[in-house]
1. Looking at segment 15-44 only, could you name the residues that are closer than 17 Å to ASP58 by Cβ and free of Cβ contacts under 8 Å to residues at least 12 places away in the same chain?
2. Mind telling me which of the residues ALA136, ALA116 ends up being at pLDDT below 75, surrounded by 14 or more Cβ atoms within 10 Å (Cβ to Cβ) and on the phi < 0 side of the Ramachandran plot?
3. Could you tell me how many of the residues in segment 27-73 are hydroxyl-bearing (Ser, Thr, Tyr), surrounded by fewer than 15 Cβ atoms within 10 Å (Cβ to Cβ) and modelled with pLDDT of 85 or more?
4. So, VAL89, is that one crowded, with 16+ Cβ neighbours inside 10 Å, in contact (Cβ under 8 Å) with a residue 40 or more places away in the chain and out of contact with any Ser or Thr (no Cβ under 8 Å at 6 or more places or on another chain) or not?
Amino acid sequence: MAAEFKVTARTLQSYEIRRLLHPRREGTVRYYDEIDYLRMQMIVKGKQLGFSLKEIRDLIGNPEKDQSDNDKPVKTTSSDEEGVVLARVRTWAGGESEADFWYRSQPISAFGDRTAESLVKSGQSASLRDYLDAIALGGFA
């Protein structure tokens, strides 16, 4: 992955330390999946646009898979998830109030016309984040 994105192995390790990437590890070898690949695309694009790594992490969130010593998923509350979704939407919605309006009232056809708020409350925030990530990378709703 380092060669493909023209970064050093140390850069990838620093992104892992900062919890931007979560490769599967076997000894000293790291295996990156599709999610890591998409996240790396967003990191590179964010850096090109002048965002800091902290801002990028806030925008793309932290995936539910956590590569800590016990391999347990990160537990988040719906208010944490709401903040993550709103941070992602705020950039293209035009501001905080617009993002909040979209979050609470805009039906999303890909999810049976449910709102982002109802998806988060029903525990489907990971699917919603994946959907928003796809759109951010140029996909269509």
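The values are calculated or read from the model by the stated rules, or taken from the named source; none is laboratory data. Computed from a prediction, not measured in an experiment: that's the story for all the values here. As a convention, Cβ positions derive from the backbone with ideal geometry for all residues, glycine included, and neighbour counts pool all protein chains shown.
1. Across segment 15-44, the qualifying residue is only ILE17.
2. Numbers: ALA116 fails: at pLDDT below 75.
Residue meeting the stated conditions: ALA136.
3. 3
4. On the way: crowded, with 16+ Cβ neighbours inside 10 Å: yes; in contact (Cβ under 8 Å) with a residue 40 or more places away in the chain: yes; out of contact with any Ser or Thr (no Cβ under 8 Å at 6 or more places or on another chain): yes.
Against the criterion (crowded, with 16+ Cβ neighbours inside 10 Å, in contact (Cβ under 8 Å) with a residue 40 or more places away in the chain and out of contact with any Ser or Thr (no Cβ under 8 Å at 6 or more places or on another chain)), VAL89 qualifies.
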